[in-house]
Every structure is written in C-alpha cells, then in structure tokens.
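The values are calculated or read from the model by the stated rules, or taken from the named source; none is laboratory data. What you see is a predicted model, and the numbers here were worked out from it, not measured in a lab. Every residue, glycine among them, receives a Cβ derived from its backbone with ideal geometry; neighbour counts consider all protein chains shown.
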Amino acid sequence: MTHEESRPIGGQKPAIEGWFEGGEDAHLTGARCTACSTVVFPPTRTFCPHPGCASDAFEPVPMSRQGRIWSYTSASYKPPEPYIAPEGEFEPFTILAVELEKEAMVVLGQAVRGVTPQDITVGDAVELVVETLYRDEDGERTIWKWKPVDAPGGAR
Amino acid sequence: MSQQVFVLGAGMHPWGKWGRNFVEYGVVAARRALSDAGVDWQDVDFVAGANTVRNGYPGYVSGATFAQALGWNGAQISSSYAACASGAQAIASARAQILAGLSDVALVVGADTTPKGFLKPNSGERWDDPDWLRFRLLGATNPTYFGLYARRRMDLYGATEEDFARVKVKNAAHGLHNEYARYRKAFTMEDVLSSPMVADPLRLLQICATSDGAAALVLCSERYAKKHGATVRIGGLSTATPTFPQTIIEMPEFATDSSAQQPPPSHTFKESLAAGAYEAAGVGPADLNLAEVYDLSSALELDWYEDIGMCARGEAEGLVREGVTTIGGRCPVNPSGGLACFGEAVPAQAIAQVCELTWQLRGECGERQVEGAKVGLAINQGLFGHGSCTILLR
C-alpha cells in the first residue's frame with residue numbers, strides 16, 4: 001500500500017486551504033474556542049458551537065494524527081458533481097469515519113488508495129496522511145486521507 | 001384555544017416518476033384530503049405548505065403556491081422547509097395555529113418532482129456550504145452516511161447482510177397492498193443480495209430511490225372535529241433540534257461535535273425526537289401499535305427501532321428476525337411499505353407517514369391493516385439537524 005506525501009513544491013496544493021497540513025506530521029487543523037476550549041472541525045465556524053458560550057474567537061489547533069475507525073463504507077459508484085474524479089475509469093474508494101480520542105469527535109475522510117472495506121474493521125487504528133484528490137490545470141490537489149496503522153491482510 | 005388537534009382528512013397522489021409539475025400532484029392530494037374530510041376548500045382558513053427546493057421560486061413559497069392553485073380563498077399560510085422533516089414542520093405549523101385558536105380547519109400539503117440518481121447540490125460553487133464541500137472534498141453522498149451506520153451495526157452487533165435484506169423483503173411485502181406505493185413488487189432475499197453494491201454493505205435495493213409524490217392532510221380544532229366526527233388526533237409532535245454535543249456523524253457534516261469539554265446529552269438526537277413526542281402524547285414504546293420510520297436504507301430502519309425504544313441498542317435485528325415488525329406481528333413497522341416502496345419525495349414524505357397512520361387508526365387499510373391500531377408513531381430525520389416525530393391517537 002502506498003501513499004503520496006504532500007510536498008511543498010510547485011504543482012501540489014491542498015484542495016482546500018487551512019483544513020490540514022501535509023508532510024511527516026500530517027494532521028487536520030481544527031479550531032479551538034479561546035473562551036471554552038471547544039474544538040471544531042472544519043476550522044471554519046464563526047461562532048462557538050457550545051450553546052453556553054457566546055465567543056466567536058478561535059485559534060487554529062493541530063488535531064490528533066491517529067484515531068480508531070468508527071465505521072467505513074465504499075463509494076462504489078462515481079459520486080455526482082461537485083466531486084471531481086481522477087481521470088480514466090472510475091476506481092471505487094473507501095470512506096472512513098474515524099474517532100479521535102483527545103478531541104472526542106468523529107471525523108470523515110477517504111481511506112488511502114487500495115484500502116477496501118474487506119481490509120478493515122471498526123476499532124482499527126488509522127493515521128492521517130495526505131494524497132491526491134484530483135488534478136486540474138494547475139496541478140495536483142491534495143486532501144487528507146486515513147491509512148490503517150497495522151499491515152493489511154490481518155485477521156478479520 | 002383548542003386543546004387537541006384532529007386529523008379530519010388524508011389524501012395522496014401516488015408516488016412515481018413522471019416529471020410533471022409538482023403543483024399538479026399537490027392539488028390532487030389536497031383535493032383528495034378535502035374530499036376525505038368532507039370539507040369545502042373555501043372553508044379552509046390556513047394552508048401550511050411543505051417546500052421543495054428543487055423547483056424554483058414556487059417551491060420556496062409552497063403554502064401560497066398551493067393556495068393559488070386551489071383558488072385564492074384569503075386563507076393565511078405558512079411555507080416550511082426542513083429537509084426530510086418539511087412535511088412535519090408544515091403539520092406543526094398548522095397545528096400551532098389551531099392550538100392557539102387562530103385556525104379552525106387547516107390544509108397541509110407537500111409535493112415534489114425529483115431528478116434521477118444521487119441527490120446532489122444545486123449547481124455553482126459554494127465553498128462555505130458543507131453540503132457542497134462533502135461532495136467536492138470527500139465524494140460523500142447520502143448513501144455514504146447510510147453505509148457507515150449499517151457497517152457499524154455489523155461490526156458491533158453482529159448484524160448481517162441478510163438482516164438488512166430481510167427489512168427490504170418485509171417492506172416490499174407490505175407495499176404490495178398500498179395503491180400509492182411506487183414499487184409494488186415482492187422481492188426475495190436473493191433479489192436484494194444480488195443487487196449491485198452502492199455503499200458497502202448497502203446494495204441498490206437497500207437504498208431508497210427518489211420519487212415524485214404528494215400528500216395532504218386536513219387538520220381541525222376540537223370544536224370543528226365535534227361537528228364533523230373526527231376520531232384521530234395528534235397526541236404529540238416534536239421537531240426538536242439536536243443538543244450539543246452531537247456525537248453521531250450526520251449528513252452533510254465532516255465531523256461530529258466534540259464531547260471533550262461537554263459530555264453528550266442523555267438522549268441522542270433521534271432518541272430525543274421520539275422522547276419529546278411520547279412525553280407530549282402521554283404514551284411510551286410499549287403502547288405503540290405501529291410505526292412509520294424513515295427507512296432511507298433498510299439498515300437504518302433497525303437503528304430507528306432502537307431510537308424509538310422498541311428494544312435496546314443492538315437488538316433490533318432480533319425484532320425483524322422474529323417477525324415482530326411485520327404486519328401480523330406485535331408492532332408492525334412501515335405497514336405502508338416505507339421508503340423502500342415509495343422512494344423519497346422530500347416535502348411530501350412526512351405527511352405521507354401521517355396519512356398512513358390516519359388510515360391505519362381508522363381501520364381503512366384493507367390487506368395491510370394493523371389490527372386494533374390505536375397508537376401510531378411516525379418519525380424521520382433530514383440534513384442540518386432536522387427531524388420530527390408525530391404520534392397519532394384514536
């Protein structure tokens with residue numbers, strides 16, 4: 001199983017800015033309310049989601065790089081627009097819901113290429129990496145994905 | 001003021017796929033409901049429309065659209081959009097007017113015409129809209145979320161593909177006896193399990209379609225009901241929103257709330273919808289004779305059994321294996337055939353659920369009749385924190 005690390009060189013850009021960082025310590029970037037410390041993802045909320053907190057001030061916070069699979073499924077048909085599929089014949093992929101312990105939240109993300117629902121189970125450990133989502137005229141657009149920590153082909 | 005709100009009439013246009021103007025379907029359903037109620041359209045003083053957001057401006061002002069289509073009669077109106085709970089929000093709107101003494105007899109109408117295939121966002125780029133971004137950044141469709149919930153049942157509770165197929169087979173058998181259902185065909189387990197995989201573990205025949213359809217209700221005050229002989233009343237109706245932190249990943253979000261700073265509430269969002277309606281109606285799960293639940297996927301129906309308190313978490317598969325939720329069992333679920341036989345016509349669907357409860361409580365359902373039905377529950381959930389639960393009593 002391979003993954004492509006995000007490299008800070010020309011031709012590769014995140015598909016969306018500010019939501020994740022690539023490299024060896026690839027991680028999601030959440031936003032933490034400066035008044036009550038509630039963390040949100042994506043980091044685009046204007047107002048704190050805690051109903052008892054009226055703050056609108058957040059600071060970016062790196063989120064846990066590892067988590068456990070809450071659940072998983074496949075995209076067996078090509079999703080409609082605005083999804084942009086890679087060129088060529090559609091290749092089904094896997095989508096995970098991953099539980100982050102410290103943040104006590106579940107976050108979605110595709111699995112890295114090559115991981116199928118048959119390879120994983122609820123509770124498996126995964127870590128965050130960055131891979132290509134699609135290519136456009138400006139180059140590669142990257143997105144966060146989850147990679148199982150244990151080798152594939154383990155007992156199920 | 002009215003202490004109770006009665007359901008005087010119910011009417012539907014069959015579900016299908018014809019691509020005609022949604023207003024046509026809505027008028028048919030409305031006229032059927034009025035006829036069923038024995039009420040003249042010109043006596044209706046309030047029209048609550050359930051909006052469709054895929055049909056341009058007339059769909060956003062459905063109350064007025066249907067009032068105009070039936071012929072302006074000076075009624076007051078409301079137009080509601082609440083995703084899959086739109087119809088229930090329209091019912092709630094009309095109900096509140098009646099309870100407040102501001103309306104005697106209200107018409108509730110919802111209708112839709114729907115595109116083929118996956119439900120997708122309106123065109124154009126919207127980088128601040130999570131419902132747009134989840135397609136662009138993840139390729140997460142609605143079935144994606146259903147697949148996540150289904151897989152969790154398998155890995156945590158030992159649910160099997162056969163369990164999910166069993167729900168579809170049950171609902172298909174129910175829908176054979178429903179003239180308004182779009183799909184009236186008896187599927188076997190083999191049919192279901194050999195249909196193509198869409199969002200593992202869910203196959204095509206386990207995920208509901210999208211349909212054209214329309215449903216309508218005539219609601220009235222106690223005073224009006226006494227004069228017109230209504231026997232079915234709304235016992236409770238909840239359109240509550242979630243309580244922070246929401247711990248179950250919901251369409252169209254990328255993440256749940258964090259429960260690091262604030263512990264989760266005692267009820268999940270869906271449990272809270274049922275709890276609110278039960279409390280208002282003064283009944284509990286043991287009192288239910290039947291339920292209509294939003295089977296967006298056949299696996300999701302099993303989650304609903306637990307959400308409405310029919311059994312403990314993880315035990316829903318047992319209910320369907322034992323036939324408890326099949327017509328003839330202790331508490332049939334989706335005697336109408338459910339979304340499995342209808343497909344979803346967003347603004348009409350919650351109203352259709354209540355039409356079914358009404359006919360069941362009146363004993364008018366023929367071969368799909370639930371014997372002795374006196375307490376019925378309808379529940380659904382939509383994007384962005386929408387949901388509803390309605391309990392009818394006789």
What pairs come up if the first residue lies in region A:29-45 and is more than 9 Å from chain B (Cβ to nearest Cβ) and in a loop (DSSP other than H, G, I, E, B), the second is buried (at least 20 other Cβ atoms within 10 Å of the Cβ) and not small (Gly, Ala, Ser), and their beta carbons are under 6 Å apart, counting only those six or more places apart or on different chains? none
If you go through B:Thr52, B:Thr65, the only one that is among the hydroxyl-bearing types (Ser, Thr, Tyr), more than 20 Å from the chain's Cα centre (by Cα) and modelled with pLDDT of 95 or more is B:Thr65
What are the residues in region B:188-216 that are away from every other protein chain (no Cβ under 12 Å) and crowded, with 24+ Cβ neighbours inside 10 Å, if any? B:Gln206, B:Cys208, B:Ser211, B:Asp212, B:Gly213, B:Ala214, B:Ala215, B:Ala216
Which one is surrounded by the fewest Cβ atoms within 10 Å (Cβ to Cβ) among residues in region B:153-167 that are among the charged types (D, E, K, R) and either in contact with a helix residue (DSSP H, G or I) (Cβ under 9 Å, 6 or more places away or on another chain) or more than 8 Å from every other protein chain (Cβ to nearest Cβ) (or both)? B:Glu162
Answer with yes or no whether A:Gln110 is under 27 Å from B:Tyr157 (Cβ atoms), out of contact with any strand residue (DSSP E or B) (no Cβ under 9 Å at 6 or more places or on another chain) and touching a residue at least 12 places away in the same chain (Cβ under 8 Å). no
Run A:Leu133 past the list (1) at pLDDT below 95; (2) more than 9 Å from chain B (Cβ to nearest Cβ); (3) touching a Ser or Thr at 6+ places or on another chain (Cβ under 8 Å) and report the number of the one that doesn't hold. (2)
Need at least 1 residues that are of a type outside the set (A, V, I, L, M, F, W, C) and over 25 Å from B:Ala92 (Cβ atoms) per element, so show me which helices (runs of 4 or more DSSP H) inside region B:265-376 make the cut, counting only ones lying wholly within it. B:298-307, B:316-321
Does any residue of region B:241-257 turn out to be in a strand (DSSP E or B) and at negative phi? yes
List every residue pair whose Cβ atoms lie under 8 Å apart, where the two residues are 6 or more positions apart in sequence or sit on different chains, the first residue falls within region B:370-393 and is without any contact (Cβ under 8 Å) to a residue 12 or more places away in the chain, and the second residue, located anywhere, is assigned to a strand (DSSP E or B) and surrounded by fewer than 24 Cβ atoms within 10 Å (Cβ to Cβ). none
Given (1) within 23 Å of B:Leu339 (Cα to Cα); (2) buried (at least 22 other Cβ atoms within 10 Å of the Cβ); (3) more than 14 Å from chain A (Cβ to nearest Cβ), identify the lone condition not met by B:Leu219. (1)
